[in-house]
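So the structure is just underneath, and the comments pick up after that.
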Amino acid sequence: MRIADLCATGFALLLVWDVYATVQSLRRSSRWSWKHTRLLLVSFLFSVSCGMCAVSLWTGWFRAWMVAPIGASYLFMIPMPCYFESVDRVGWLHAVRNLLFVAIAVACFAIATGIIPLSRLDS
């Protein structure tokens, strides 16, 4: 199996997880609010970005800039509550989550701008 196929499968799984987690988050509250709208907007950006990367990897049309919206999504997720309520209740765990999101976003932007060339990821 090629590395591109593994990455594409990973992006597809992230898309499925995001849709599931978004639906679960929206079910928790019956009242619509700006928080719900923001959750849907960030989820939509993340899902479309992951889907675009998965399809482009499977078809051979992938370009490095395509991971930039995923990085932006992770930055937009930082102020949002976590899907797992226990992460929001434990301060140090929430801080680790936010640091992980920043690291993923920086890596995505580094790949998108060519600071980390895709050829380095293939070895």
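Each row is one residue, and each column tells you yes or no for (1) outside any helix (DSSP H, G or I); (2) at pLDDT 95 or above; (3) within 16 Å of Leu118 (Cα to Cα).
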site	(1), (2), (3)
Leu39	no, no, no
Ser49	no, yes, no
Ala54	no, yes, yes
Phe62	yes, no, yes
Pro79	yes, no, no
Being of a type in the set (A, V, I, L, M), part of a helix (DSSP H, G or I) and under 17 Å from the mean Cα position of the chain (by Cα): is that true of Ala12 here? yes
Which numbered condition Ser73 fails, given (1) more than 17 Å from Ala8 (Cβ to Cβ); (2) hydroxyl-bearing (Ser, Thr, Tyr); (3) exposed (fewer than 14 other Cβ atoms within 10 Å of the Cβ): (3)
Looking for whichever is more than 11 Å from the chain's Cα centre (by Cα), in a helix (DSSP H, G or I) and free of Cβ contacts under 8 Å to residues at least 60 places away in the same chain here; the options are Leu26, Leu45, Leu75. Which one fits? Leu26
What pairs come up if the first residue lies in the range 48-66 and is on the phi > 0 side of the Ramachandran plot, the second is surrounded by fewer than 19 Cβ atoms within 10 Å (Cβ to Cβ) and hydrophobic (A, V, I, L, M, F, W, C), and their beta carbons are under 9 Å apart, counting only those six or more places apart or on different chains? Gly60/Ala4
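The values are calculated or read from the model by the stated rules, or taken from the named source; none is laboratory data. Every value quoted in this text rests on a predicted model; they were computed, and no experiment measured them. With ideal geometry, Cβ positions are generated from the backbone for all residues, glycine too; neighbour counts draw on all protein chains shown.
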